[in-house]
Structure formats: structure tokens, C-alpha cells
Amino acid sequence: MPDISHNLKRIHDMLRRADRVLIVSHKKPDGDTIGASAAFLNWCLREQKQTTIFCRDAPPNDFRYLDALHVYTSDPAVFEQAYDVVIVFDSGDLAYCGIDRLIPKLPPGYALVNIDHHATNTRFAHVNIVDTNASSTAEIAYRFFAENGIRIDHAIATCLLTGMCTDTSNFSNAATNPRVLDAASDLLAQGGRFYDILTHVWQNQSTEALRLWGRMLSRLRHHRDYDVVSTYILESDIANTESDLVSGIANFLNATVHGADTILILKETGDGQVKGSFRSLKRDVTKLARLLGGGGHTRAAGFTVTGRIVEDGSGIPRIVSGELAS
């Protein structure tokens, strides 16, 4: 099996020969998939490639400081065009990035590339670069530039630094490793705008969001037998509010809660489902997430189940089916 360095050079050769490139980020994009994909977009455009970047959902406004954010499209018609190379970033499978039904529409003749760091990745592409020891997909993308001797300008540096900062919770969670710290240092030296990342991604919580966080904090429960701290948010709590107000609290709790290895946050959605997010210090939470049909990283994973959250007198929420909840 080719090693990662070999495949990084292989896709570099493929991209240098390519005329038309399609870049894909996963659904409900986070900073890692945005940062890694936008870095490749900036380089491909610099190399004068005809490049399209696709995401099923619009990138969050938090990342508006990135030069390429306005270029993303969610138009499925781009899959009716011909490409030489299609690159998928930070997605364990084609369904997670929302293109499993779109890929068959592509005219033949393209090479599919998969760049990811999830342990649950299914190796779905012609060329798979999956490093489960990497802190982030952006860290793997940085290796692509570094090992192929590609000049990293300030725009690329800021994109890559965004992915690293968001997936490591600003270099504070268990995904942080010496390699990502060395890479981040180099990206700062290349003009990466860390202050923009800090102010737009971390120092950006509105009063409304903090009130919602307060409600979730009031529901915290420590399940000592399982070494888990949990909380939850109901659909009624977030009605008529911005959809991303809850984002970030799982990482916040993981960085601040003392005396428990694992954080679990349950969130009702508007379509009769409950989403769960695990964060841990030592436990492999992908095993828990997989039991519930989900997946993710060793220290950060998630799942979605059908049902509603029901509160009882004990303060411990239960997830029940729609029929039982009504």
C-alpha cells in the first residue's frame, strides 16, 4: 500500500496535469473542511486551473474572513460537467459530504481523491489519503504543500491555520500534537492571520448564544458511574434563533469541565431527530458513536437517532420515539 507521502506527490502530479478540478467539502461545513478545501482552491486558482468548489450547505458566516468563501457553490448542476480531478475533504464517505447521488452524474474520466483524518473513513476514492493520527484534515493538506515544495502564501496559510485551530479547539484538545504545532508556527510565519481566526471563530458569541449556553450549563449532569458529563438542548429552546448558536459548547465543556473524561451533548432538531456529540480526553468515543449509527474521531464523534428528548423529575433526559413522546 502506498504511503501518505507517496500519495501526496501522486495527487500533486495529477493536479499539475489537470485542467478542470472539482473540490468538495462536507455538509454542514466546519472550519477543517472549509480550511483544507479553500487552501487547495487558492492554490489551484493560482495555478490557473478551472476550479469549482462545492458544498451542499453554505459555509458559516464565521469564516467570512477567508478570501475564497464567496466562491463556494451548492448548485448540483456542477456535477453534470467534466473534470480531471475531484477532491473530497474531511468526509468519511460520499454520503457525509452529500454527493453520493451526485457523483454518478459526473461524466467519466475523472480521478477521485479522498483526503481525511477520520477513523471511520471508508476509502471510497481512487486515491485515498487518510491519516488518523493527524489533528485535522488541514494538517494533511499542509503536508501536501510542504512535501511538494509549494509556496504557501498568506491566503493559503490562513485557510490551513483555520482548519487546525478549529479541529484542535485552538490547540487545547486531545487532537493537538507536535506536528500541528510545528505546522501552525510555520503558517504564522507565512502570513497566516491568526487574529482574524481568533476574533471571528472564537471571540464571536452573541449575548443570545451565551444565554442559551447558560440554559445548557444549568442542565449539566455528572454520571459518575460512566465518567460522563451530559447536557441537552430542546427544539423549543432554539426556536426563532440562529441555527448555529449551540456550536462550540461541546469543545468549551471538554476544555473546562474537571473530573470527567467524556462530554455528551444532545440536541433536538426540527425534523424529529436528536443529534449527539461526544468529546473525550482518553476514551475512544467513535466506538460509542458507531453503536448509535454514527462515527467520527477517536476523541470527538457524533450520531443522530430518531426521537425526542423527554425530561423527567430526576433531571436526566431520555430519548424516546416520536409516538411515545407525543
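The values are calculated or read from the model by the stated rules, or taken from the named source; none is laboratory data. Being a predicted model, the structure only gives us computed values, none of them experimental. Note that each Cβ is placed from the backbone with ideal geometry, even for glycine, and that neighbours are counted across all protein chains shown.
Here are the numbers for the structure shown:
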{"quantity": "Residue under evaluation residue 106, criteria (1) in contact with a strand residue (DSSP E or B) (Cβ under 9 Å, 6 or more places away or on another chain); (2) closer than 26 Å to residue 6 by Cα, criterion not met", "calculated": "(2)"}
{"quantity": "Residue list for region 88-107, restricted to those being touching a Cys at 6+ places or on another chain (Cβ under 9 Å) and closer than 16 Å to residue 18 by Cβ", "calculated": "88"}
{"quantity": "Odd one out for residue 309 among (1) surrounded by fewer than 19 Cβ atoms within 10 Å (Cβ to Cβ); (2) modelled with pLDDT under 90; (3) aliphatic (A, V, I, L, M)", "calculated": "(2)"}
{"quantity": "Matching helices (runs of 4 or more DSSP H) fully within region 154-255 where at least 3 residues are surrounded by 18 or more Cβ atoms within 10 Å (Cβ to Cβ) and without any contact (Cβ under 8 Å) to a residue 60 or more places away in the chain", "calculated": "178-189, 207-218"}
{"quantity": "Qualifying residue in region 23-45 (condition: surrounded by fewer than 24 Cβ atoms within 10 Å (Cβ to Cβ), under 18 Å from residue 97 (Cα atoms) and in contact (Cβ under 8 Å) with a residue 60 or more places away in the chain)", "calculated": "yes"}
{"quantity": "Region 59-87, residues that are without any contact (Cβ under 8 Å) to a residue 60 or more places away in the chain, β-branched (Val, Ile, Thr) and in contact with a helix residue (DSSP H, G or I) (Cβ under 8 Å, 6 or more places away or on another chain)", "calculated": "71"}
{"quantity": "Residue check, residue 56 in contact (Cβ under 8 Å) with a residue 12 or more places away in the chain, out of contact with any Asp or Glu (no Cβ under 6 Å at 6 or more places or on another chain), over 20 Å from residue 192 (Cα atoms) and surrounded by fewer than 16 Cβ atoms within 10 Å (Cβ to Cβ)", "calculated": "no"}
{"quantity": "Residue 86 in contact with a strand residue (DSSP E or B) (Cβ under 7 Å, 6 or more places away or on another chain) and either at positive phi or crowded, with 18+ Cβ neighbours inside 10 Å (or both)", "calculated": "yes"}
{"quantity": "Selection count where residues are touching an Asp or Glu at 6+ places or on another chain (Cβ under 9 Å), part of a loop (DSSP other than H, G, I, E, B) and free of Cβ contacts under 8 Å to residues at least 60 places away in the same chain, scope region 135-153", "calculated": "2"}
{"quantity": "Complete set of residues in region 116-129 that are assigned to a loop (DSSP other than H, G, I, E, B) and in contact (Cβ under 8 Å) with a residue 60 or more places away in the chain", "calculated": "117, 118, 119, 120"}
{"quantity": "Residues that are of a type in the set (Val, Ile, Thr) and either over 18 Å from the mean Cα position of the chain (by Cα) or modelled with pLDDT under 95 (or both), drawn from region 123-155", "calculated": "127, 132, 150, 152"}
{"quantity": "Pair list, Cβ under 9 Å, 6 or more apart: region 309-323 residue at negative phi, other residue modelled with pLDDT under 75 and not small (Gly, Ala, Ser)", "calculated": "310/324; 318/312"}
{"quantity": "Boolean, residue 123 is assigned by TED's automatic domain parsing to the domain that holds residue 19, among the basic types (Lys, Arg) and loosely packed, with under 14 Cβ neighbours inside 10 Å", "calculated": "yes"}
{"quantity": "Failed condition for residue 132, given (1) buried (at least 21 other Cβ atoms within 10 Å of the Cβ); (2) in a loop (DSSP other than H, G, I, E, B)", "calculated": "(1)"}
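Residue-by-condition table, conditions (1) within 19 Å of the chain's Cα centre (by Cα); (2) within 20 Å of residue 197 (Cβ to Cβ); (3) among the charged types (D, E, K, R):
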position	(1), (2), (3)
17	no, no, yes
25	yes, yes, no
62	yes, yes, yes
74	yes, no, no
81	no, no, no
100	yes, no, yes
111	no, no, no
